[in-house]
Amino acid sequence: MHTLRLNDYPIHIGSGQWPQLRALVEALDPSRLLVLCDAHTRIYCLPRLQEELEVPEHQVVTIPAGERHKTLDSCRYIWERMMQLKLDRRALMLNLGGGVVGDMGGLCACLFKRGLPFVQLPTSLLAQVDASVGGKLAIDFASVKNSIGLFANPEAVFIFPGFLATLPERELRSGFAEVIKHALLGDPGHWAELKGLNSLSGLDWPALLVRSLRVKQRIVEEDPREAGPRKLLNFGHTVGHALESAFLLSESPLTHGEAVAIGLVCECYLSHLKVGLSLEVVQEVAGLVRSLYPHRNISNHLLPQLLELMQNDKKNEGGEIRFSLLQAPGQGRYDLPCDRDEIADSLGFYNSHSLSLFS
Ligand SMILES: NC(=O)c1ccc[n+]([C@@H]2O[C@H](COP(=O)([O-])OP(=O)(O)OC[C@H]3O[C@@H](n4cnc5c(N)ncnc54)[C@H](O)[C@@H]3O)[C@@H](O)[C@H]2O)c1
Ligand SMILES: [Zn+2]
C-alpha cells in the first residue's frame with residue numbers, strides 16, 4: 001500500500017486501499033453516489049467495487065466502451081442521466097474505467113451544475129499509470145483528440161492493481177509504453193530493471209505502478225499547466241501520435257501504446273542525433289520494444305502524411321517540428337526541433353532495427 005500526493009490530492013495505490021475509499025465516501029457524505037463505467041468495466045470491475053464499497057444506495061451510468069465514444073454525445077447522455085437522477089452539487093461521482101471513462105467522467109462532473117466532486121478509479125494500465133493522474137480532462141471533438149477539456153483535480157485517485165487481471169493483453173502492453181517512457185524520463189534505476197524484459201507476466205504491479213507514477217507526479221507537480229517541463233511527458237508521442245492517426249483508418253489500427261512504443265524508438269534515435277543519447281541506450285530501447293510489441297513496417301509512402309501530422313502537433317511553433325528528447329536516462333530536454341530528413345532517418349532506424357532479430 002502506498003500513497004503519493006499530487007498538488008492537493010492523494011493517489012492511493014494498492015489492493016489494501018478499499019477502507020480508505022470507504023472512509024473518503026463517508027467523509028464527503030454525498031447527497032447521491034454515481035458510478036460511471038463503460039460496458040466492459042460494468043462487467044469486470046463494478047461487482048468488485050459494489051462488494052467493497054458497502055454503500056447500498058448508488059446509481060450506475062454506463063457508456064459504450066472505446067475511444068470513439070469519448071464525445072459530446074456521450075457527455076450529453078451522462079448529463080441527461082445526472083439530471084434525471086436530480087443530482088446536486090453535493091453528489092459524488094466515481095469514474096470506474098480506463099482513460100475514456102476517467103477523462104470524460106471528470107469533465108462531466110466538473111461542468112455539471114458548475115462542478116461536483118469526483119474520484120478516479122482507473123482500471124486500465126494506461127489510466128492507472130498515466131491518464132488518471134495530472135488533472136487533464138477532455139473529450140474528442142471535430143475529429144481532434146482531447147480538443148475540448150479543462151484542468152481540474154479529483155478528490156482522490158485510487159489505483160487497484162487487481163483490476164488489471166481482466167484487462168486484455170493488448171491493452172496491458174499498450175499501457176506499458178507509458179511505463180517505459182516514465183522510466184526513461186525520470187528513473188534510470190527502473191529503466192535498468194525494465195530493459196531486459198521479454199514478457200509482462202509475473203511483474204510486481206503495485207511496486208511498478210508506484211515507481212512509474214512518481215515520475216509523472218514529479219513532472220506534473222513542477223509544471224501542472226504544461227508551460228515547460230511537463231512537455232517532457234510528450235517523449236515518444238510526436239512520432240507516436242502521428243503513427244496512431246495515420247493507421248487509424250487502416251485495416252489494422254495501432255493502439256495508442258503500440259504507436260508510442262514505436263515513437264519511443266524513433267525519438268531515442270533522434271535523441272542520439274540531436275542531444276547525444278548513447279547508441280547503446282537507443283539499441284536497448286529498440287530491443288525492448290521489439291520483444292514486447294509486434295513489428296509494423298512504416299513504409300516510405302507514409303512519410304509525407306506522418307510529417308504533415310507532426311507539423312500540426314500542438315507543441316510546434318513557427319513551422320518547426322519540436323520534440324521532447326532524452327540526453328541520457330533521467331535527463332530529458334524539450335522544445336527541440338528536428339528536420340524532415342532526421343525524422344525520416346529515425347523511422348528507417350525503427351524499420352531496420354525492429355526486424356533485425358528475424359532477418
Ligand atoms: N488525461 C490525461 O492526462 C490522459 C493521459 C493519457 C491518456 N489519456 C486518455 O486516455 C484514453 C485511453 O485510455 P485507455 O487506454 O484506458 O482507454 P479505454 O478507456 O478505452 O480502455 C481501453 C479498453 O479496456 C477496457 N477496460 C478498461 N479496464 C478494464 C478492465 N479492468 N478489465 C477489462 N477491460 C477493461 C475498456 O472498456 C476499453 O475497452 C484516451 O482517450 C487518452 O486520450 C488521458
Ligand atoms: Zn500516451
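I need the calculated FRET efficiency for the pair ARG333 and ALA27, taking r as the beta carbon distance and R₀ as 35 Å, to the nearest 0.05. Mind showing how you got there, number by number?
Numbers: r = 43 Å, r/R0 = 1.22.
That gives a FRET efficiency of 0.25.
Would you kindly state how much longer the chain becomes between LYS113 and LEU249 on full extension, computed as 0.36 nm times their sequence separation minus their alpha carbon distance, in nm to one decimal?
On the way: separation 136, 0.36 × 136 = 48.96 nm, distance 3.75 nm.
Result for the pair: 45.2 nm of gain on full extension.
Provide the three semi-axes, in whole Å and in decreasing order, of the ellipsoid equivalent to the range 96-173 as defined by the square roots of 5 times the Cα gyration tensor eigenvalues.
On the way: eigenvalues 96, 48, 15 Å².
Rounded to whole Å, the semi-axes are 22, 16, 9.
Simple spin-label model, 7 Å along Cα-to-Cβ: THR166 to GLU320 in nm?
Here the modelled spin labels are 4.8 nm apart.
Give me the net charge of PHE247's neighbourhood, meaning all other residues with Cβ under 10 Å from the Cβ of PHE247; Lys, Arg count +1, Asp, Glu -1.
Net charge around PHE247: -2.
Quick check: convex hull over the Cα atoms of the range 2-166, volume per residue in Å³, rounded to an integer? Walk me through the numbers before you get to the answer.
Details: hull volume 16.9 nm³, N = 165.
Considering the Cα atoms of the range 2-166, their hull volume per residue is 103 Å³.
What's the FRET efficiency of ASP204 with SER291 using the Cβ-Cβ distance as r and R₀ = 25 Å, to the nearest 0.05? The partial results should precede the final answer.
On the way: r = 19 Å, r/R0 = 0.77.
For ASP204 and SER291, the calculated efficiency is 0.85.
Given the C-alpha atoms of the chain, compute the convex hull and give its volume per residue in Å³. Walk me through the numbers on the way to the answer.
Working: hull volume 47.3 nm³, N = 359.
Value for the chain: 132 Å³ per residue.
At R0 = 22 Å, how high is the FRET efficiency between MET83 and VAL60 if r is their beta carbon distance? Nearest 0.05 is fine. Write out the running numbers ahead of the final one.
Values: r = 16 Å, r/R0 = 0.73.
Calculated transfer efficiency: 0.85.
Along Cα→Cβ, 7 Å out, is where each label goes; now give me the distance between the ones at ARG68 and GLN20 in nm to one decimal.
3.8 nm
In deg cm²/dmol and to the nearest 500, what is the mean residue ellipticity at 222 nm of the chain if only DSSP H runs of at least 4 residues count, each as -39500 (n - 2.57), divided by the residue total?
Working: 13 runs with 164 residues, N = 359.
About -14500 deg cm²/dmol.
Can you return the lysines within cross-link range of LYS70? Criterion is Cα-Cα under 27 Å, with same-chain partners fewer than 8 residues away left out.
Cα-Cα hits under 27 Å: LYS86, LYS113, LYS136, LYS145, LYS181, LYS216, LYS231, LYS314, LYS315.
How many percent of Cα pairs in the range 248-300 exceed 12 Å?
Details: 934 of 1378 pairs.
Percent of Cα pairs beyond 12 Å in the range 248-300: 68.
Here, each number is a calculation from the coordinates, and none is a lab measurement. Computed from a predicted model, the values in this text were never measured in an experiment. Using ideal geometry, Cβ is built from the backbone for each residue, glycine included, and neighbour counts are taken over all protein chains shown.
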